[in-house]
Amino acid sequence: MIEIPEEFARQLIDREGDPGRAWLASLPGLVDDVLQRWRCTPTGLIGGKVGIVVAVQRDDGTPAVLKISFTHAGNRYEARAFATWAGRGAVQLYERDDAKFAMLLEQGERQTLDDLGDADHATAVLGRLARRLAVEAPPNLPLLSNDADEWDQTLCENSKTPGHPLSQRALGAAVATIRDLGRNQPSTMVHGDLHFGNVVRAQREPWLVIDPKGFVGDLAFDAVTVLHCSLDSLRRADDLRSELHRRLAIFADAAEIDRERAVRWTQARAAMSACRGRAVDDADWEAQFREQTAELLA
Ligand SMILES: Nc1ncnc2c1ncn2[C@@H]1O[C@H](COP(=O)(O)OP(=O)(O)O)[C@@H](O)[C@H]1O
Ligand SMILES: [Mg+2]
């Protein structure tokens, strides 16, 4: 029997309301069911934000990780992404129950790229992983190109809002990127949430990714990761524009993508987040940081 952490339960109910409450009530039964079917014994709770992550031991003695996510559309394609990579650059998928959003995964170590304490090295590791993971996508994963019209529309609507925190120049640059690069994208698989915390140390390969969204599109879409990693050191930079370009160059070179393409996608995604962030909370420093990035990279 697994004890559901109170903080996790509270946050899930705050975010998801009654469906979250109902899912939480079913979770202990769900965990017991898959542990039994997949012949595993829990050895400790690891955590998780959108779902529960439990360290387990399989009955042949191998360590593994059980992840059961809240049944939200955004978590639907994770198992398919892992199955497609088949362990190349990512943890292996041992078992899956898609209806229950449950997976049994290869267990990596506790250390993530976050613990490396070397942002440049970690960014290069992310870039190399992004390149390895950019394989031909299987059918029926969400296409990033399908979002292009909505992005275009949101940016254009925001550009008409008086007193908008983003300049016309920054909004215009983002619209141009979506029109130039967003509508026609390659059919490669993109991790979609590639940040330092989603890369674990391992034995089979030095680093393996976890927690993919499984999108289809341009791998430069993930270059925005440089904004989500080592934020404190970015905020302390004397010249943020140069520092952003420097880190994007590290990512782009390691991922073998055009530097300018990485800059353009990052600028567009920062502008999109700035548009979304404004509606929810227009004063927090993260929103300001995204706005600043969208300006500096335009
Ligand atoms: N296969 C794994 N091996 C080792 N640790 C893992 C594994 N999967 C998840 N974790 C740990 O659990 C944490 C949360 O898992 P993750 O899949 O990233 O879910 P979330 O959507 O909550 O971020 C990770 O940051 C990592 O520390
Ligand atoms: Mg994660």
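Quick note: the coordinates plus some simple rules give every number you see, no bench work behind them. Keep in mind it's a predicted model, so treat the numbers as computed, not measured. When we count neighbours, we look across all protein chains shown, and the Cβ atoms used for this are built from the backbone with ideal geometry, even at glycine.
What to note about this one:
- For the chain, the longest principal axis of the alpha carbon atoms and the long axis of helix 6-16 meet at an angle near 50°.
- In degrees, nearest ten, helix 18-37 long axis to first principal axis of the chain (Cα): 50 degrees
- From most to least packed by mean Cβ count within 10 Å, the peptides 203-213, 184-194, 228-238 give 184-194, 203-213, 228-238.
- The chain - convex hull of alpha carbons, volume per residue in Å³: 136 Å³
- Full-extension gain in nm, residue 204 to residue 241, via 0.36 nm per residue minus C-alpha separation: 9.6 nm
- Point-to-point label distance, residue 249-residue 121, nm (Cα→Cβ direction, 7 Å offset): 2.1 nm
- Comparing 59, 32, 147 in a Gaussian network model of the chain (Cα springs below 10 Å), the most mobile by mean-square fluctuation is 59.
- Under a model in which nothing but the beta-carbon of Lys, Arg (+1) and Asp, Glu (-1) is charged, the stretch 6-106 shows a dipole of about 260 debye around its Cα centre.
- With both labels modelled 7 Å from their Cα along Cα-to-Cβ, the residue 149 to residue 73 distance reads 1.5 nm.
- Principal axis extents of the C-alpha atoms in the stretch 64-154 (largest first, rounded to whole Å): 39, 34, 25.
- The stretch 6-106: C-alpha pair distances exceeding 22 Å, %: 28 percent
- If you run the Gaussian network model on the chain, springs between alpha carbon atoms under 10 Å, then out of 169, 201, 259 the most flexible one is 169.
- For the stretch 108-125, putting each phi into the Karplus relation 6.51 cos²θ - 1.76 cosθ + 1.60 with θ = phi - 60° gives couplings of x, 7, 6, 6, 10, 4, 4, 7, 5, x, 9, 4, 5, 4, 4, 5, 5, 4 Hz, in residue order, rounded to whole numbers and with x for Gly and Pro.
- Using a Förster distance of 41 Å, the FRET efficiency for residue 259-residue 45 (Cβ separation, nearest 0.05): 0.50
- Note on residue 228 and residue 10: the extension gain reaches 76.0 nm, defined as 0.36 nm multiplied by sequence separation minus the Cα-Cα distance.
- GNM result for the chain, Cα springs below 10 Å: residue of 268, 86, 122 fluctuating most strongly: 86
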